[in-house]
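Trainee: Here you go, one structure.
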Amino acid sequence: MKARETAKNKAERLVIGLSGASGVAYGIRMLEACRELGIESHLVMTKPAEMTIGYETELSPRQVAAKADFSYAVGDIAAPIASGSFKTKGMIVAPCSVRTMSEIATGVTTNLLTRSADVMLKERRPLVLMVRETPLHLGHLRSMTALAEMGAIILPPVPAFYAEPRTLSDLVDQMVGRALDLFGYDWPDVKRWGEELAKGKRKPTSPSARSAPKGEVAVAGSRASEGRRGKK
Ligand SMILES: Cc1cc2nc3c(=O)[nH]c(=O)nc-3n(C[C@H](O)[C@H](O)[C@H](O)COP(=O)(O)O)c2cc1C
């Protein structure tokens, strides 16, 4: 079936790119979130992304692709998402490798993922890049600056400890939820300051009353080394 026959609302399509940086869990969870929210997902992943799926998850690339409504081969530059005439809400690259980021920054695109990202920029649609590398050299920073100047949103997957994560899933979900915020979607799994977080907890600033054993950092709600489970 063609994508255009199934889209309830053309504006509710999201392009999701997975490249070969660490953190494929972000992209996978994004696909699951799209399904939960009724957003039509269009997936493209690079060959190195398929490798990192193998290293970092129990899933096969095929199982990841099955989580998307539509999945395209990275070499298929005739796919719908290669054209600005194919209406989408925007695109997220999660995770975004330095190689993919650099290619998008130059405009010299060599595969469907980077071509689709270029389409988002030229059509002035949101392009969110979850760039994952550390440390960063000046060339990386310059590419990010160029992309920000072109309208892309650089969203490195940096955890917010005020969100009281207890598991890796908590960290991933919070980041995915914040990425969805950038497209105007409200995913229930994201915790919000002043709502689930910090309600009635705000105190006048003072050094932390919490004391930690020597060599250990006290983390709100749990000890960093323990990772207590249970509460979501
Ligand atoms: C397990 C693994 C983890 C990697 N992590 C990163 C990373 O975090 N950031 C990055 O820029 N490249 C990372 N790389 C290297 C990229 O996969 C490599 O530069 C590749 O050429 C990127 O190609 P792509 O942008 O087409 O996916 C990693 C590679 C492997 C195998």
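The numbers here are math on the coordinates, done by the rules we state, and not lab data. Note that the coordinates shown come from a computational prediction; the quantities given were computed from them, not determined experimentally. All Cβ positions, glycine included, derive from the backbone under ideal geometry; neighbour counts span all protein chains shown.
Trainee: Just checking, which of I77, I104, I92 is in a helix (DSSP H, G or I) and either among the charged types (D, E, K, R) or within 16 Å of the ligand (Cβ to nearest atom) (or both)?
Mentor: I104
Trainee: Which of the residues belonging to the range 71-93 are crowded, with 19+ Cβ neighbours inside 10 Å and charged (D, E, K, R)?
Mentor: The one that is crowded, with 19+ Cβ neighbours inside 10 Å and charged (D, E, K, R): K89.
Trainee: Moving to a separate point now. Return yes when L180 is without any contact (Cβ under 8 Å) to a residue 40 or more places away in the chain, buried (at least 16 other Cβ atoms within 10 Å of the Cβ) and part of a helix (DSSP H, G or I) and no when it is not.
Mentor: Numbers: without any contact (Cβ under 8 Å) to a residue 40 or more places away in the chain: no; buried (at least 16 other Cβ atoms within 10 Å of the Cβ): yes; part of a helix (DSSP H, G or I): yes.
It is false that L180 is without any contact (Cβ under 8 Å) to a residue 40 or more places away in the chain, buried (at least 16 other Cβ atoms within 10 Å of the Cβ) and part of a helix (DSSP H, G or I).
Trainee: With the checklist (1) among the hydrophobic types (A, V, I, L, M, F, W, C); (2) more than 11 Å from the ligand (Cβ to nearest atom); (3) under 16 Å from V44 (Cα atoms) in hand, flag the one item L121 doesn't pass.
Mentor: With (1) among the hydrophobic types (A, V, I, L, M, F, W, C); (2) more than 11 Å from the ligand (Cβ to nearest atom); (3) under 16 Å from V44 (Cα atoms) applied to L121, the lone miss is (3).
Trainee: Could I ask something else about it? Restricting attention to the range 107-129, does a residue exist that is in a loop (DSSP other than H, G, I, E, B), in contact with a strand residue (DSSP E or B) (Cβ under 6 Å, 6 or more places away or on another chain), of a type in the set (D, E) and surrounded by fewer than 19 Cβ atoms within 10 Å (Cβ to Cβ)?
Mentor: Within the range 107-129, none of the residues are in a loop (DSSP other than H, G, I, E, B), in contact with a strand residue (DSSP E or B) (Cβ under 6 Å, 6 or more places away or on another chain), of a type in the set (D, E) and surrounded by fewer than 19 Cβ atoms within 10 Å (Cβ to Cβ).
Trainee: Quick check on this structure: which one of T100, T134, T145, T106 is over 22 Å from K87 (Cα atoms) and either basic (K, R) or touching a residue at least 60 places away in the same chain (Cβ under 8 Å) (or both)?
Mentor: T100
Trainee: Quick check: anything in the range 13-27 at negative phi and free of Cβ contacts under 8 Å to residues at least 40 places away in the same chain?
Mentor: No, because not a single residue in the range 13-27 is at negative phi and free of Cβ contacts under 8 Å to residues at least 40 places away in the same chain.
Trainee: Tally the residues that are more than 8 Å from the ligand (Cβ to nearest atom), in contact (Cβ under 8 Å) with a residue 12 or more places away in the chain and surrounded by fewer than 22 Cβ atoms within 10 Å (Cβ to Cβ), restricting the search to the range 51-65.
Mentor: Counting residues in the range 51-65 that are more than 8 Å from the ligand (Cβ to nearest atom), in contact (Cβ under 8 Å) with a residue 12 or more places away in the chain and surrounded by fewer than 22 Cβ atoms within 10 Å (Cβ to Cβ) gives 5.
Trainee: Oh, and also: I want to confirm something. Restricting to the range 12-50 and keeping residues that are part of a loop (DSSP other than H, G, I, E, B) and away from the ligand (no atom under 11 Å from the Cβ), which single residue is nearest to V98 (Cα to Cα)?
Mentor: Among those residues, the one meeting the criterion is I39.
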